[in-house]
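The values are calculated or read from the model by the stated rules, or taken from the named source; none is laboratory data. Keep in mind that this is a model prediction, so the values were computed, not measured. Cβ placement follows ideal geometry from the backbone for every residue including glycine, while neighbour counts extend to all protein chains displayed. SASA here: full protein model, heavy atoms, side chains in, ligands and nucleic acids out. Shrake-Rupley method; radii C 1.70, N 1.55, O 1.52, S 1.80 Å.
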Amino acid sequence: MMENVQIEPVKRSRRSLPQELNILLVLVAVALVFEILGWLFQGQSFLMNSRRLTIMILQVSVVGIIAVGVTQVIITGGIDLSSGSVVAMTAMITMSVAQSSEFARAMYPALTDLPVIVPLAVGLGIGLLAGMINGALIAWTGIPPFIATLGMMVTARGIAKWYTKGQPISFPTDSFAAIGSGAAPVFIFLAVAVIFHFALRYTRYGKFTYAIGANPQAARVSGINVQRHLVKVYAIAGLLAGLAGIVTASRAATAQAGMGMMYELDAIAAAVIGGTSLSGGRGRIFGTVIGTLILGLMMSGFTFLRVDAFYQEIVKGIIIVAAVVADTFRQKARSKKA
């Protein structure tokens, strides 16, 4: 006699919202909070001022370019503290070969009025070299990423100060100044974000990057050349920091050794707020873009409400810690489900 076997229906767990959508909802919530506070304390709208929002987006574009590179580094389980200093070093050296002959005291009189491709190549090359050095130190010597990039942070900032003994460099050519004019930085940021979104999601480069962050030993056993790929990832991060330095110098029409100060922490904050896990293996460029906007929106909102800059830094620190704590709880929840 055949037994009647009753098959219990499989309980479907609630499908949680995609992480990017959750972060987008946070962005909307932050915007609405500042809109309400604007009417309460300033008697005017925060969101309806297009000029304010335009300035905010322009300001975060440079940090966003850096954050795209930093996101990839963090996905591998690493960190990059050198981005802001690389911005300053790149800006100084690039501007020295982008000066106009109309300036009587050009740093290199024989190298004025050069085609814009020359300072672009110099700036990108410097950033790429800095990133390759970071990657080589981490991959081939086993130095922790924190120490390797901390060394580059100090070194690059020192080079930026030494290059002109602390003096600013100004008077670029019109073609170089056009790189950072108007909405160009925003378009550059979006183009970089789109390129690396597809690179991480649809190419072997992206698969290797996630695999190394999830489990370096398993990635190595599966045939991935971990050392070589880490050099690539850090080189790209350096390249994007160099691009950010070019945009920064072009937008300001001058270069100073103090440029890019704390940009690396803002970029890390944008990535973490955007859902990139500091433990590696998780993160999306789209989330980083939203995280960058959240960071910019908050700083712009605090300025709009006339909150002292010191308090802004305190809040930014709290936000970073809160994002890391949230990520820690997410990781623990995933490990329990596994």
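Can you work out which of the residues in the stretch 154-177 that are in contact with a helix residue (DSSP H, G or I) (Cβ under 7 Å, 6 or more places away or on another chain) and not β-branched (Val, Ile, Thr) is nearest to Val118 (Cα to Cα)? Please lay out each step first, then the result.
Step one: filter the stretch 154-177 for residues in contact with a helix residue (DSSP H, G or I) (Cβ under 7 Å, 6 or more places away or on another chain), giving 156-157, 159-160, 163-164, 169, 172, 176-177.
In the following step, the residues that additionally are not β-branched (Val, Ile, Thr) were identified as 156-157, 160, 163, 172, 176-177.
Details: Ala156: 21, Arg157: 23, Ala160: 19, Tyr163: 19, Pro172: 13, Phe176: 10, Ala177: 14 Å.
Among those that are in contact with a helix residue (DSSP H, G or I) (Cβ under 7 Å, 6 or more places away or on another chain) and not β-branched (Val, Ile, Thr), it is Phe176.
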Being surrounded by 24 or more Cβ atoms within 10 Å (Cβ to Cβ) and either at pLDDT below 95 or in contact with an Asp or Glu (Cβ under 9 Å, 6 or more places away or on another chain) (or both) narrows Leu295, Leu305, Leu278 down to just Leu295
Would you check if Ser222 is hydroxyl-bearing (Ser, Thr, Tyr) and free of Cβ contacts under 8 Å to residues at least 40 places away in the same chain?
yes
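Give Ala253, Ala244 a once-over and let me know the one that is open to solvent by less than 10 Å² (accessible area, probe 1.4 Å) and in contact with a Ser or Thr (Cβ under 9 Å, 6 or more places away or on another chain). So that I can check it myself, show each step before the final result.
On the way: Ala253 fails: open to solvent by less than 10 Å² (accessible area, probe 1.4 Å).
Going through Ala253, Ala244 in turn, just one is open to solvent by less than 10 Å² (accessible area, probe 1.4 Å) and in contact with a Ser or Thr (Cβ under 9 Å, 6 or more places away or on another chain): Ala244.
Can you tell me which residue within the stretch 306-328, out of those that are of a type in the set (D, E, K, R) and part of a loop (DSSP other than H, G, I, E, B), is farthest from Gln42 (Cα to Cα)?
To start, the set of residues in the stretch 306-328 that are of a type in the set (D, E, K, R) comprises 306, 308, 313, 316, 327.
This time we only want the ones that are part of a loop (DSSP other than H, G, I, E, B), so: 306, 308.
Working: Arg306: 9, Asp308: 15 Å.
Per the criteria, the residue is Asp308.
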Cβ-Cβ under 8 Å, sequence separation 6+ or interchain: first residue in the stretch 47-64 and of a type in the set (A, V, I, L, M), partner open to solvent by 20 Å² or more (accessible area, probe 1.4 Å) and assigned to a loop (DSSP other than H, G, I, E, B). Which pairs?
Leu53/Leu47; Leu58/Ala183
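Any chance you could count how many residues in the stretch 113-134 are under 19 Å from Val247 (Cα atoms) and either open to solvent by less than 10 Å² (accessible area, probe 1.4 Å) or outside any helix (DSSP H, G or I) (or both)?
9
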Quick one: which of Ala193, Ala199 is open to solvent by less than 50 Å² (accessible area, probe 1.4 Å), under 17 Å from the mean Cα position of the chain (by Cα) and without any contact (Cβ under 8 Å) to a residue 12 or more places away in the chain?
Ala199
Residues that are of a type in the set (Val, Ile, Thr) and not in a strand (DSSP E or B), drawn from the stretch 135-170
Ile138, Thr141, Ile143, Ile147, Thr149, Val154, Thr155, Ile159, Thr164
Thr288 vs (1) surrounded by fewer than 24 Cβ atoms within 10 Å (Cβ to Cβ); (2) over 17 Å from Ser82 (Cα atoms): all pass except (1)
Could you please let me know if Ala106 is modelled with pLDDT under 95 and either in a helix (DSSP H, G or I) or open to solvent by less than 40 Å² (accessible area, probe 1.4 Å) (or both)?
yes
Looking at Gly281, Gly260, can you tell me which residue is touching a Gly at 6+ places or on another chain (Cβ under 8 Å) and over 26 Å from Val186 (Cβ atoms)?
Gly281
Looking only at the stretch 206-241, count how many residues are farther than 30 Å from Met259 by Cβ and either open to solvent by 40 Å² or more (accessible area, probe 1.4 Å) or in contact with a strand residue (DSSP E or B) (Cβ under 7 Å, 6 or more places away or on another chain) (or both).
15
